[in-house]
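Trainee: Provided herewith is a single structure, encoded as C-alpha cells, for subsequent inquiry.
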There are 2 protein chains.
Amino acid sequence: VPEFDLIELIRSRCLALRDDVVLGIGDDCAILEPAPGHELLVSTDTLVEGVHFLPDSDPWALGWKALAVNLSDLAAMGAEPAWALLSLTLPCADAAFVTAFADGFGRLAAEHRVALVGGDITSGPLAVGVVVQGFAPRGTALRRSGARAGDAVYVTGTLGDGLAGLRCLQATAGSALAHASAEAREAVIGRVTRPTPQLAAGRVLRGLASACIDTSDGILADLGHVARRSGVGIEVLASSLPASPALCALYAGDERLAVQAGGGDDYQLAFTASPERETEIVRRLAAVECAVARIGRVVEGRGVRLLDDGGAEIVLEHRGWEHFA
Amino acid sequence: VPEFDLIELIRSRCLALRDDVVLGIGDDCAILEPAPGHELLVSTDTLVEGVHFLPDSDPWALGWKALAVNLSDLAAMGAEPAWALLSLTLPCADAAFVTAFADGFGRLAAEHRVALVGGDITSGPLAVGVVVQGFAPRGTALRRSGARAGDAVYVTGTLGDGLAGLRCLQATAGSALAHASAEAREAVIGRVTRPTPQLAAGRVLRGLASACIDTSDGILADLGHVARRSGVGIEVLASSLPASPALCALYAGDERLAVQAGGGDDYQLAFTASPERETEIVRRLAAVECAVARIGRVVEGRGVRLLDDGGAEIVLEHRGWEHFA
C-alpha cells in the first residue's frame, strides 16, 4: 500500500468540514484562517507503543485516544477545538490498521468538529503524534499559574479509573482483578481506552476557574504543576477524591486511594477557584452534565500535600507518572 | 535526568522572543496571537532514526535538520515562519544528546526568528517530530495546484547534493566515493546534514510563481505532485538540471543524472511561472542570493517526463523516494 493511499484512507474518514480551513491535506502546508478576536491555542502529545499504550492495542481505540488526550489539553485551557495534525509512524503499511485507526480518530473529531488538516506517515516503530489547535476569546484561556491562597481545589468526574483500566487490561488469568465483576472491569477499561476530553467543562470554566490542568499524570502530580506555576501550596483531602462505582467495586481502602491519587490517564480537569464561585461552577458544570467534587484548598507555601480527615499527611509510594524518573 | 530538566535544557536554548507568543512552554497549550490579515500555515514532518537519518547521527545536525525540513515546507508556500513545536522520542534521558540537539535546533530557529512554544518528550525509539506554523498575507500562499500549460518550470540552487551527501556518509573505506576529493565529500555531506530552507526565496515567489513545492522526495517525484494537483503534465530537460561543483566532482554522466533527478533531501524550491515573469523572478531571487535554473515546461496532459536534448524520454530506474513503496 503506497503512502498516498494510506493518506487517502485517513482523509476520507476525517472529513469534518470547517469554513476556516482554506486548504487541507495535500499540499506542503495547510492554510488556515484563525478566528478574529481570539487567541490560538496549540498543543501536542505523542503516544508510543509499549510506553503509552499496550502492544497490539485495538487500532480504533488508539485513534480515538490519540486525539482525546490532545483535546484534553485544549479542554484544560478552556479552548474551542478547531484543527488537528496527525503523524503516524508505522512498522508496515497495514491498511486494515490505518482504516480502523482513522475511524476511531475521525469519530471523535466529528463529535467536536475538529478538521484533520495535515500530518505525515513514516515507517518505524509504532507511534502516534497529534497536534491540536483551538481558540479562546482573547485573554480568557485558563492557565496553570492563576491559583491563589484561599482558592478551593476541584476536579471533574472521578479519579483512578484510568490506572484501574490499565491494570485490568494487563491482569493475568489468576489475578484478583481477573476475577472481579466483568461490568466493573469493562467500565474502567473503557475509561482508559476511550477517554472523554472535558471540552464543555473547560469552556464553562473560563472566567470562573483561577487555574486549570487536565489530569493525565495523576492528580497529585498534576496539581504539583499548578502549585509550582502559581507559586502556592495545595492541600488535598484524601477522603474527598471522587471514585466511580466501578473503581469501588475493584479496590477498597488504601489501595483505592493509591490508585485515585497516583494514577494517571484520567483526563479530567483539576482546577482552582474562589469558593465564592462554587455555586455558579456547580450549576454551570451540571448544565453540561459534568460532575465536580471539591477536593482541597490552595494555601501559602509550596508543594502538594495529601491529608487524612485529621489533617495528617499521607505519604504515597507513587505520586504519579513521569518519563525517565 | 527527569523529563522537566530535559525540557528546561531545550527551552533555555530556544529563546527566540516574539511578541505574538502570549504563553510559551510550560502549560497545557501554548497561547499565540495570529497576525491580522494573514492566513496561518501549518506543517509537520517526523524524522525516525534508521529511516530519515543514520543511527548515531550528530545530535546538533539532527536538531538543525529536523527544523530545517519543516521550515522548507513553509518556504514552499511562501510563508513567514513564526512558531514551532518539538516532539522528541528518546531511548534514554541523555542530557548531552538533548543539549547538542537543542543547540542545533535553536541556532536555526534564531536565524529565522522561530519561537519554540511547546512539544513533548517521551521515551521510545529515537524520533523527532516538528510542527511549524507561519503566516502569509491572505490569499498569497503558494500552492502545488496552480501550474498551467505554457508555464516554465524552475528550481532554486542545485539538485542531487542531498543524495550524494547521504552516500558519502555511508561510503565504506574501499568505495570510490571514499577516495573522492575530501572537499567535495564535505560539501555534499554538509548539504544533507545541514540543509538550508529557502525561506527568502519562497517569500520572493509570492505573486510570481503559479505553483511551488520543496524538493524533498526528488525533483521528478516532487514535480509529480505539482502535475497531479494542477491537472497538467510537466516535461523536464535532463541537461538543464543544475549541479553543484561538488556533485560534478563526485559523479559524471548518467550516474550524475540519476542522482540529480532521483535523489531527495535537497530542500530547494521547484516552481512554475509564466515565462514572461522570468526576468523579474531571476532579479528578485538574485536579490536574496538565490540561484535559479529553468528546467522544463508545463504541458497539457499528465505526469512528469524527463527528456534528453533530442526530446526523447529518459526512463530512470528510481524516480524518487516513497515510504513503503
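Trainee: List every residue whose amide H lies under 5 Å from the amide H of residue A:263, counting only residues 5 or more places away in sequence or on a different chain, with H placed 1.01 Å from N in the peptide plane.
Mentor: For residue A:263, the qualifying residues are A:219.
Trainee: Using a 1.4 Å probe on protein heavy atoms only, how many Å² of accessible area do A and B hide from each other, summed over both chains and rounded to 100? Numbers along the way, then the final one.
Mentor: Numbers: alone 15170 and 15170 Å², together 25200 Å².
By this definition, chains A and B bury close to 5100 Å².
Trainee: In debye, nearest 20: dipole of chain A around its Cα centre with unit charges on the Cβ of K, R (+) and D, E (-)?
Mentor: 880
Trainee: For residue A:172, put the label point 7 Å out on the Cα→Cβ axis and report which residues of segment A:40-67 keep their amide N under 18 Å from it.
Mentor: A:55
Trainee: Another question, if that's okay. Kindly report, to the nearest 10 Å², the accessible surface of residue A:148 as traced by a 1.4 Å probe over protein heavy atoms only.
Mentor: Around 130 Å² of this residue is reachable by solvent.
Trainee: Can you list the copy-to-copy distances for residue B:275, using a point 7 angstrom from Cα toward Cβ, in nanometres, shortest first?
Mentor: Relative to the other copies, residue B:275 has label-point distances of 8.2 nm.
Trainee: Taking the label point as lying 7 angstrom from Cα along the Cα-to-Cβ axis, what are the distances from residue A:302 to the corresponding position in the remaining copies, in ascending order and in nanometres?
Mentor: Sorted ascending, the copy-to-copy spacings read 6.5 nm.
Trainee: Also, quick follow-up: Could you work out the local net charge near residue A:67, counting Lys and Arg as +1, Asp and Glu as -1, over the other residues with Cβ closer than 13 Å to its Cβ?
Mentor: Spelling it out: positives minus negatives among the neighbours equals +1.
Trainee: Let me ask another. Tilt of helix B:95-111 relative to the longest C-alpha principal axis of chain B, in degrees (0 to 90, nearest 10)?
Mentor: Roughly 60 degrees between the two axes.
Trainee: Follow-up. Let me know the charge dipole size of segment B:217-304 about its Cα centre in debye, to the nearest 20, where only the beta-carbon of Lys, Arg (+1) and Asp, Glu (-1) is charged.
Mentor: My answer is approximately 240 debye.
Trainee: Can you give me the angle between helix A:182-193 and the longest principal axis of chain A, using Cα atoms only, in degrees from 0 to 90, rounded to the nearest 10?
Mentor: 60
Trainee: By the gyration tensor of its Cα atoms, with a ≥ b ≥ c the square roots of the eigenvalues, what is the shape of segment A:229-296: rounded for a/c under 1.5, prolate for a/b over b/c, or oblate?
Mentor: On the way: a/c = 2.15, a/b = 1.35, b/c = 1.59.
Oblate, since a/c reaches 1.5 and b/c is not below a/b.
Trainee: Out of the total accessible area of the protein assembly as shown (probe 1.4 Å, heavy atoms of protein only), what percent is carbon and sulfur?
Mentor: 51
Trainee: Here is a further query. Which whole-number value in Å² is the accessible area per residue of chain A, probe 1.4 Å?
Mentor: Values: 12610 Å² over 325 residues.
The answer is 39 Å² per residue.
Trainee: In nm, give the distance between the simple-model label positions of residue B:4 and residue B:111, each being 7 Å from the Cα along the Cα-to-Cβ direction.
Mentor: Going from the residue B:4 label point to the residue B:111 one covers 3.5 nm.
Trainee: When each copy gets a label point 7 Å from Cα toward the beta-carbon at residue B:140, what are the spacings between them in nm, shortest first?
Mentor: Values, ascending and in nm: 3.2.
Trainee: Let me ask another. Rank A:117, B:307, B:41 by how far each Cα sits towards the positive end of the charge dipole of the protein assembly as shown (+1 on Lys, Arg Cβ; -1 on Asp, Glu Cβ) and give me just the farthest.
Mentor: B:41
Trainee: Towards the positive end of the charge dipole of the protein assembly as shown, with charges on Cβ (+1 Lys, Arg; -1 Asp, Glu), say which of A:170, A:159, A:286 has the farthest Cα.
Mentor: Going by the charge dipole, the pick is A:286.
Trainee: Then there's this: Roughly how crowded by other chains is peptide B:126-135, in terms of the mean Cβ count from those chains within 10 Å of each of its Cβ atoms?
Mentor: For this peptide, the per-residue mean of nearby foreign Cβ atoms is 4.
Trainee: In degrees, nearest 10, range 0 to 90: what is the angle between the Cα axis of helix A:253-262 and the longest Cα principal axis of chain A?
Mentor: The answer is roughly 50 degrees.
Trainee: Given H placed 1.01 Å from N in the peptide plane, which residues other than close sequence neighbours of residue B:119 have an amide H under 5 Å from its amide H?
Mentor: The list, which skips near neighbours in sequence, is A:44, B:86.
Trainee: To continue, here is another question. Let me make sure I get this right: for segment A:9-101, a, b and c are the square roots of the gyration tensor eigenvalues over alpha carbons, sorted descending. Under 1.5 in a/c it's rounded, otherwise prolate if a/b > b/c, else oblate. Which is it?
Mentor: oblate
Trainee: Still on this model: Let me know the mean shielding of B:70-83 by other chains, meaning the per-residue number of their Cβ atoms within 10 Å of its Cβ.
Mentor: 2
Trainee: Still on this structure, I have one more. Report relative contact order for chain B in percent, whole number only (criteria: Cα-Cα under 8 Å, sequence separation at least 6). Write out the running numbers ahead of the final one.
Mentor: Working: 752 pairs, mean separation 71.4, N = 325.
The normalised contact order for chain B reaches 22 percent.
Trainee: Shape verdict for chain A, please, from the Cα gyration tensor: rounded (a/c under 1.5), prolate (a/b greater than b/c) or oblate.
Mentor: On the way: a/c = 2.15, a/b = 1.29, b/c = 1.66.
Oblate is the answer for chain A, as a/c is 1.5 or above yet b/c matches or exceeds a/b.
Trainee: How large is the charge dipole for the protein assembly as shown, taken about the Cα centre, if only the Cβ atoms of Lys, Arg (+1) and Asp, Glu (-1) carry charge, to the nearest 20 debye?
Mentor: 1240
The values are calculated or read from the model by the stated rules, or taken from the named source; none is laboratory data. Bear in mind the structure is a predicted one, so any value in this text is a computation, not a measurement. So basically every Cβ, Gly included, is an ideal-geometry build from the backbone, and we count neighbours across all protein chains shown. SASA here: full protein model, heavy atoms, side chains in, ligands and nucleic acids out. Shrake-Rupley method; radii C 1.70, N 1.55, O 1.52, S 1.80 Å.
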